[in-house]
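Remarks on the structure that follows.
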Amino acid sequence: MGNDRVSKRRVTIREVAERAGVSMATASRALSGNHPVPTATRARVLRAARDLDYVANAHARALVGGGRKMAAVVVRQVTSPFYAQVAEGVEAEAADRGWLCVVGATGGDAQREMEFVQLMREEGARLVILVGGVVEDDAYRERVAHYAHALASSGARLVLCGRPAPGPDVPALVVEFDNEAGARAITGHLLSAGHRRIAFLGGLPGNTALDARVAGYRAALAEHGLPPEAGYVVDCGLGRAAGLRAMSELLERTREFTAVFAGDDMVAAGVLRAVAEAGLRVPEDISVVGYNDIPLAEDFSPPLTTVRTPAEELGRAAVRIALRDSESAGGSHHLLGTHIVVRRSVCAPLRGGG
């Protein structure tokens, strides 16, 4: 990652000045941008700061006691009910402590995420909280290790909400739900109602949160004595449009299944629409369950049985645990529980049994 390699030791402005061949005063003026400095000199100082991974206001933060009381939460999109609730939890917990909260959205773009983390580091945020499942590959592990060490070198803390730490030596805190246990429980609920042909819609191979839900789904089938081939996973990703499209295509191919486990509640919304458009009824013809229990889930038609993941509490816990564990320089892992919310989208299979 080139200049992304980070020393855990804080780089000083003196080192930047020496690298650029200027005085400390000139380096400070060039970095602040508030004083006239020749263009070539400023470019030389900025290049030196970049090469050394210098955080422009680290020296100022050291003088005033280390960073603003600010938490930053970075999400994929602000329109997602789940992400919005997590951000709300971070903001609420931060406000309770007299801190400010900044929210950034990346659209799933790794480069934008990296730039936002660096901006928050430069602005002195004490906590940077990254939210949501990811594809856990070497690029992800390298990127997050860089974030964690860079933030730690500036006296800040990285918190991963619902995504894994890249390794045991990375100074990042992980706070997440037990996605596998939640999925196992909701699949067990369908099995207990008599369903044996259950499709999972919303897989996204490599995405850590969804992979855990698929694993829980398969584990529940195995616990009830069903063979591995009883599992039917449609890798359509998340979102209402994905659920609508995948369910419509599934209904065109087969109607053998009696229940659908949607990867999240927005996928379930699309599934419900597709079932209605096919002239079928939920739950009489097909039972449907979701995941997350977004606020709208109880207003679906019919109200959706789903897994409650208290998203706002996840955001609050991320701040609370990070501050409580702030004396620990290493990483730690905290798993929050889930539970089923039973509504009216599940009944015993009426056509042909389970």
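Of the residues making up the range 70-104, just one is small (Gly, Ala, Ser), outside any helix (DSSP H, G or I) and out of contact with any helix residue (DSSP H, G or I) (no Cβ under 8 Å at 6 or more places or on another chain), namely 98.
Taking the range 91-101 as the region of interest, how many residues are crowded, with 19+ Cβ neighbours inside 10 Å and in contact with a strand residue (DSSP E or B) (Cβ under 6 Å, 6 or more places away or on another chain)? Don't jump to the end; show me each part of the working.
Restricting attention to the range 91-101, the residues satisfying the condition of being crowded, with 19+ Cβ neighbours inside 10 Å are 91, 93-94, 99, 101.
If we keep only those that are in contact with a strand residue (DSSP E or B) (Cβ under 6 Å, 6 or more places away or on another chain) too, we end up with 91, 94, 99, 101.
Looking only at that region, the number is 4.
In the range 253-280, the residues that are of a type in the set (Ser, Thr, Tyr) reach residues that are modelled with pLDDT of 95 or more and open to solvent by 40 Å² or more (accessible area, probe 1.4 Å) with C-beta atoms within less than 8 angstrom, at least six apart or across chains, in these pairs: 258/196; 258/197. Of note, residue 298 does not satisfy the criterion of being more than 24 Å from residue 160 (Cα to Cα), free of Cβ contacts under 8 Å to residues at least 24 places away in the same chain and outside any loop (DSSP other than H, G, I, E, B).
For every residue, the table says whether it meets (1) open to solvent by less than 60 Å² (accessible area, probe 1.4 Å); (2) aromatic (Phe, Trp, Tyr); (3) closer than 25 Å to residue 80 by Cα.
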{"position": "258", "(1), (2), (3)": "yes, no, no"}
{"position": "262", "(1), (2), (3)": "yes, no, yes"}
{"position": "273", "(1), (2), (3)": "no, no, yes"}
{"position": "305", "(1), (2), (3)": "yes, no, yes"}
{"position": "311", "(1), (2), (3)": "yes, no, yes"}
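Hey, could you check the range 138-161 for residues that are under 25 Å from residue 292 (Cα atoms) and either among the charged types (D, E, K, R) or at pLDDT 90 or above (or both) and say which is farthest from the chain's Cα centre (by Cα)?
158
Quick check on my filter: what residues within the range 228-246 are in a helix (DSSP H, G or I), among the hydrophobic types (A, V, I, L, M, F, W, C) and in contact with a Lys or Arg (Cβ under 8 Å, 6 or more places away or on another chain)? Explain how you work it out, then say what you get.
First, the residues of the range 228-246 that are in a helix (DSSP H, G or I): 228-230, 240-246.
Now drop any that are not among the hydrophobic types (A, V, I, L, M, F, W, C), which leaves 230, 241-242, 244, 246.
Of everything in the range 228-246, those that are in a helix (DSSP H, G or I), among the hydrophobic types (A, V, I, L, M, F, W, C) and in contact with a Lys or Arg (Cβ under 8 Å, 6 or more places away or on another chain) turn out to be 230, 244.
The one condition from (1) open to solvent by 30 Å² or more (accessible area, probe 1.4 Å); (2) among the aromatic types (Phe, Trp, Tyr); (3) touching a helix residue (DSSP H, G or I) at 6+ places or on another chain (Cβ under 8 Å) that residue 232 does not meet is (3).
Taken over the range 285-303, the residue count meeting the criterion of being open to solvent by 40 Å² or more (accessible area, probe 1.4 Å) and either touching a Leu at 6+ places or on another chain (Cβ under 6 Å) or small (Gly, Ala, Ser) (or both) is 1. Listed here are the strands (runs of 3 or more DSSP E) enclosed by the range 123-227 that have at least 2 residues being under 30 Å from residue 350 (Cβ atoms) and either touching a strand residue (DSSP E or B) at 6+ places or on another chain (Cβ under 8 Å) or open to solvent by 10 Å² or more (accessible area, probe 1.4 Å) (or both): 198-201.
The values are calculated or read from the model by the stated rules, or taken from the named source; none is laboratory data. Remember, predicted model here, so these are calculated numbers, not experimental data. In this analysis, Cβ positions are derived from the backbone assuming ideal geometry, glycine residues included, and neighbour counts consider all displayed protein chains. Remember, those area values only see protein heavy atoms, side chains included, never the ligands or the DNA or RNA. Shrake-Rupley method; radii C 1.70, N 1.55, O 1.52, S 1.80 Å.
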